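Let me begin by presenting the structure, written as structure tokens, before commenting on it.
The values are calculated or read from the model by the stated rules, or taken from the named source; none is laboratory data. All figures in this text were calculated on a predicted structure; none of them were measured in a lab. Glycine gets a Cβ as well: all are built from the backbone with ideal geometry, and neighbour counts include every protein chain shown.
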Amino acid sequence: MFNNYPSFKRFKTYKKWNCFFDKNSIEFPISILITFLIVISFYLLNIYPNFQYFQEAIKTICLYIASSLIGLIGILLAGMAFIASILTEDKRKIINKVNRSGSLESILVSFEFLAFIIGIQVFAFFFLYLLLHSPKEVIVSWLFYIIVSISTYFFTFTIFYTISLVGNCVKLHSIVSDIDKITSSENNLISKANEVRIDFIFKLILDPSDPHKFVEELNKYVDNSQLNNKEALKAYFKNYYK
């Protein structure tokens, strides 16, 4: 049923569900380790048998986590706005031309996936907060530790997945900066080439020559000039007039 929704289709296409158990990622092993340490700590501290002494602290933690996750959604929106501001259509075409694996789209879908799992956790932690107000012992010990394990794992995963996504955004910004430098260099070369062509056309008007030798004469003109990057200019003319 859910696979018919566009978001879930994108999650499936880019294998985002596999991120929860991807051994090659940094999020999975760290989340498992932290979850293990917290569950062991709960057990050694006898939190379940003495839950009444820890209940208020756990309720506060659940409330603060839910609130912080809502704030994290705002940070994700800012991240999406940042990517939209640096990725023009031309830059997207260049990146997709160089990398056909869809890495750019994968980063964008990662924001969507992270927002989804954050939304689920916000409701889960608010529900736990309300559940902790119950005066009755509503769960047995094994279920208590399962809930602690799942809640801890997904919250820890969300934190480190966010850090990983920030790292990908930094790499993306670096790539876009390199594209800007290359494009600027190419534009400067083309601008200089146009200046040379204009100067040379005026020279032809004043001193007509065989039009079939245009490129040859143009190259000679470049050689006799005081311009830099002569070879790059001649290569550009050769490719332009081939």
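Total residues in the range 9-60 satisfying the condition of being within 14 Å of residue 152 (Cα to Cα) and either surrounded by fewer than 12 Cβ atoms within 10 Å (Cβ to Cβ) or touching a helix residue (DSSP H, G or I) at 6+ places or on another chain (Cβ under 9 Å) (or both): the figure is 17. Taking every residue in the range 45-73 that is assigned to a loop (DSSP other than H, G, I, E, B) and pairing it with any residue that is among the polar types (S, T, N, Q), at least 6 positions away or on another chain, the pairs with Cβ-Cβ distances below 6 Å are 48/141. Residues in the range 220-236 that are out of contact with any Lys or Arg (no Cβ under 8 Å at 6 or more places or on another chain) and assigned to a loop (DSSP other than H, G, I, E, B): 225, 226, 228. For residue 101, the requirement of being hydroxyl-bearing (Ser, Thr, Tyr), at pLDDT below 90, within 29 Å of residue 178 (Cα to Cα) and more than 13 Å from the chain's Cα centre (by Cα) is met.
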